[in-house]
Amino acid sequence: MRKFWAWIVLGCATACPGQTGESTDTAATTEPTTTGSETTHSPTGTTTESTPTTGEATTTSGTTGETGETTGGPAPSGARVVYMTTKPDGKGTDELFFVDCTGAAPGPAIRIHEPLADGWAVASSIGLSQSGRWMHYTLAHPTLGQQVWLVDMSGPLPGTPKQVELPPELSVDVHPWRFSHDDTRLAFHLAEPGGDFQYYLCTIAADGGCVPESWGLPAQRGGTQGFFFEFSPDDTRVAYAGDPDGDGVHQLFLGGAGPGDAGAAVPVSGDAPLDGSDTELGWFSQDGETLYFKFGPEQSLRGVRAVDISGDPPAAPKTVVPIDGRFTVRADDGAVLWQVDPELDGDGDLSLFSLDGAKVGPSVPLHDEPGHVADGGFGWSADGRFVFYRANGDDVKQAFALFAADVSGPTPTPPVRLSAPITTNGTVADVFGGPDPSFAVYSGRPDLETGDQLWMVPFESPADRVQLVQLPPGGSLFTTEIAPDGSQMFFMAAQEFKAPLELFHVDLEDPGPPVKLNAPLEAGEDVRAPSFSQDGGRVFYRAQRTTGDLIETRVLQVDVDAPGQATQVSDPTHDVASAWILPPSGE
């Protein structure tokens, strides 16, 4: 599944009750009507759509902020930004704004909706379709309920928001859930009278009009639907978790997504214990012929079962990944890394096996010293040729080194140590497999007396590893992101204990000393939530100061070629709760 990319940024003044300043013309021409009940919390961080094929994966990804369609040519520059305001004192109105950041400087901020009537505010239910065409947002009122709105974001400016026609009795607790892959459908999780939840689907009209239809199996008294819902790759079928008969046991259901399919589905999970609250409970294979789902009593040690759904009726589920281990599935669903730690002491055994729908190949041990592989930090190169993992490098528990093996052939090659030497109290902490499949980036310390380090190491020639960063003693690395083309990266770091977090850049094609990107911070500020633009030429970040319960946030952008010359893009009167970066419009 493709991830749609989201992050944070950009502001402007508003003209809401209890707030000074003036906004530009709004992009909307509508105003909320009324129904329903309570408000919801504002989002507090970045949002991306999760990739289901990683299951309980312990892998870290190289590009943590954005993904999108690639066209083969150079990515257009800059970004379009949607952001949500918040009030640190709890007063005023949370609103949504749009800013065009495709030029050298941010354009004017445009309020996406009309000024809100007293008591109404934008809630946390905000999402983007995978192509970025549609955005949904929710307005909430403490006594009048909630509303869902759709906006066409395909043009240079947002379209006119269109209110979803929710039945009045279902507007108390609304959760817009999933867009279909082709952007024509939207699934909702709605509270029905009595408080139980049901899934609804609507077809999105060209102008954003949307009339939801009850879609899940009708629930008996006490029955409800869970929090997992997924469209098949061709959008003709849906899978969802639910307990429609109210016996307290959730099952996985498979149904159609076409006319006449509402309220009809078959259970496919058998007797497997499921977590109905898991929003990423399962996923369809890329060819749409297999449905995978996680099962087991222990949240962090669940297995996977597969259902062949190519026939009618679907086949019985088969276990393809045992419980009591940790796993990550290759991006093409063709192989699985499985790590089991019987003693639950932080390290165990790692094995590899092929996966073809519901068929599992023989398990092959990867590390040549049993019981030494770390519970976390294993994964795949971008092309799936190499697997990487951490393991005890010198027979000392928790002193992890980085290893890799080529798994492209009939049998894996013997593991090769990638990381630089460490002492008995050093370790490799995190591993990042970026979009370039030839190398990995890892962080760690050779010993407790040294500050954090960052290294780049080729999978095929570990001796050519390059040290990218050496922090002073007491220094610590934090968020690390590799640019979409794999040529550069940034990282956040504190130079010493309790020092502010700042933002640094490294050229991966011609590595040199790290360059600080952010402008000088004000007293008490830290850099938070940085992200590359799609073309990699710009980084957006927020400067955040926390004083007790008061959080003050301003958002900035900086060109990679002009480090330290950051421009504040949020209005000085705004605090930004959360924001989303969209690639430039195709128009």
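The values are calculated or read from the model by the stated rules, or taken from the named source; none is laboratory data. These numbers were taken from a predicted model, which means no experiment stands behind them. A quick note on method: Cβ atoms are made from the backbone with ideal geometry, for glycine too, and the neighbour counts reach across all protein chains shown. Surface accessibility is based on the protein's heavy atoms, side chains included, excluding ligands, DNA and RNA. Shrake-Rupley method; radii C 1.70, N 1.55, O 1.52, S 1.80 Å.
Distance from the Cα centroid of the stretch 501-570 to that of the stretch 187-234 is 40 Å (rounded to whole angstrom).
Compared with the alpha-carbon gap, the fully stretched path from THR546 to THR236 is longer by 106.8 nm at 0.36 nm per residue. Ranked by solvent-accessible area (1.4 Å probe, protein heavy atoms only, all chains present), the residues GLU502, GLU449, GLU552, GLU481 order from largest to smallest as GLU449, GLU552, GLU502, GLU481.
Taking only the C-alpha atoms of the stretch 508-587, the Rg (one decimal) and the largest Cα-Cα distance, Dmax (whole number), read 14.0, 45 Å. With θ taken as phi - 60° and the Karplus curve 6.51 cos²θ - 1.76 cosθ + 1.60 applied, the whole-hertz 3J(HN,Hα) list for the stretch 281-291 is 5, x, 7, 8, 5, 5, 8, x, 9, 9, 10 Hz, x standing for glycine and proline.
Pairs of Lys residues in the chain that lie 8 or more places apart, or on two chains, and have C-alpha atoms under 19 angstrom apart add up to 4. The distance linking the stretch 292-330 with the stretch 358-394 is 20 Å (Cα centroid to Cα centroid, whole angstrom). Net charge dipole, the chain: roughly 340 debye, given to the nearest 20, about the Cα centre with Cβ charges of +1 for Lys and Arg and -1 for Asp and Glu. Rg then Dmax, both in Å and based on the Cα atoms of the stretch 369-451: 12.7, 43. The 3J(HN,Hα) values that the Karplus relation (6.51, -1.76, 1.60; θ = phi - 60°) gives for the stretch 323-334 are, in residue order, 6, 6, x, 10, 8, 9, 9, 4, 4, 8, 6, x Hz. Gly and Pro appear as x. Per-residue SASA remark: GLU169, around 110 Å² accessible (1.4 Å probe; ligands, DNA and RNA not included).
Under 1.5 on a/c is rounded, so check that first for the stretch 216-297, then, if it is not, pick prolate when a/b is larger than b/c and oblate when it is not; a ≥ b ≥ c are the square roots of the alpha carbon gyration tensor eigenvalues. Since a/c reaches 1.5 but b/c is at least a/b, the shape of the stretch 216-297 is classed as oblate.
What the phi angles of the stretch 226-241 give under the Karplus curve with 6.51, -1.76 and 1.60, with θ = phi - 60°, is a coupling list of x, 10, 10, 8, 8, 8, 5, x, 9, 6, 8, 9, 9, 10, 8, 9 Hz, glycine and proline written as x. Heavy-atom accessible area with a 1.4 Å probe sorts ARG390, ARG465, ARG221, largest first, into ARG221, ARG465, ARG390. Once C-alpha pairs closer than 8 Å and six or more residues apart are averaged by separation and normalised to the residue number of the chain, the relative contact order reads 15 percent. Estimated at 0.36 nm per residue, the fully extended path between THR279 and THR573 surpasses their Cα-Cα distance by 102.3 nm. Using a Förster radius of 45 Å, what is the FRET efficiency between GLU343 and ALA117 based on their Cβ-Cβ separation? Nearest 0.05, please. Taking R0 as 45 Å, the efficiency between GLU343 and ALA117 is 0.15. When GLU298, GLU509 are compared by accessible area at a 1.4 angstrom probe, the order from most to least is GLU509, GLU298.
For SER154, the solvent-accessible surface computed with a 1.4 Å probe is close to 40 Å², ligands and nucleic acids excluded. The calculated pair-distance distribution of the stretch 202-254 uses every alpha carbon pair, bins of 10 angstrom beginning at 0, and gives 23, 42, 27, 8, 0 percent. Put a dot 7 Å past the Cα of VAL466, heading toward its Cβ, do the same for GLN565, and the two dots end up 2.5 nm apart.
Which shape class applies to the stretch 371-521: rounded if a/c is under 1.5, otherwise prolate when a/b exceeds b/c and oblate if not, where a ≥ b ≥ c are the square roots of the Cα gyration tensor eigenvalues? In terms of gyration-tensor shape, oblate.
What shape does the chain take by its C-alpha gyration tensor, where a ≥ b ≥ c are the square roots of the eigenvalues and a/c under 1.5 counts as rounded, a/b above b/c as prolate, and the rest as oblate? Oblate shape, in that a/c is at least 1.5 and b/c is the bigger or equal ratio.
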